[in-house]
Structures are given as structure tokens and as C-alpha cells.
Amino acid sequence: MAKKKQKQQPQRQNPDTATEAKSSLGSLKDLVNPDAWAKLKQLEKDMKSESERKAKEAAEQKRREQEERERNKSFAELLEDYEKKGGGKYS
């Protein structure tokens, strides 16, 4: 008879050992060079300000487009909007 091969189970670390290993490493700030840490923080600030700037530009662009659509409405569309708001003469 052929013998069945047993699969080797990867050995699992004891949860206490894993916690000790994490605590012995310290935080990322402790592991990274202070100059590199400062550069990372500056990069984070730059990225945040850039995303805020882009969001403001997108909102401004949307506002301009809406204003342009209002300006380019035909007389019939303006009259229809006026009537929808209940601003007719005999309403």
C-alpha cells in the first residue's frame, strides 16, 4: 500500500509572541529617520491641500456651468420655469 503524504501545517505563532514582537518594534515614527518622517508629514499636508484645492475648483466649475446654462436658456424655458415657480400673472 502506498502511504499518504502528510501536509505540513505552518506553525502558528503564539498570540503573546506576536504582540511582544509588535511592541518591541515600536511605532513607525521610531523606525523612520526623523528627516524622512518630516518629509512624509509635509507630503501628507501637500496632498491634503491639493485635494482641497481640486475640490474647490470642481465646485467653482460646476457653479460656472450652471450659471452658463441659466444664461443660455431660451425664452420658452424661462417662461416654463417662471410658471413652475407659481409666478404667473393670474396664479
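No value in this document is a laboratory result; all are computed from the given coordinates. Remember, it's a predicted structure, so these values are computed and weren't measured experimentally. Cβ sites come from the backbone with ideal geometry, for glycine too, and all protein chains shown count toward neighbours.
The Arg63 and Leu40 beta-carbon pair, evaluated with R₀ = 30 Å, returns a calculated FRET efficiency of approximately 0.30. Distance between the pseudo-spin-label points of Glu52 and Val32 (7 Å out from Cα toward the beta carbon): 2.0 nm.
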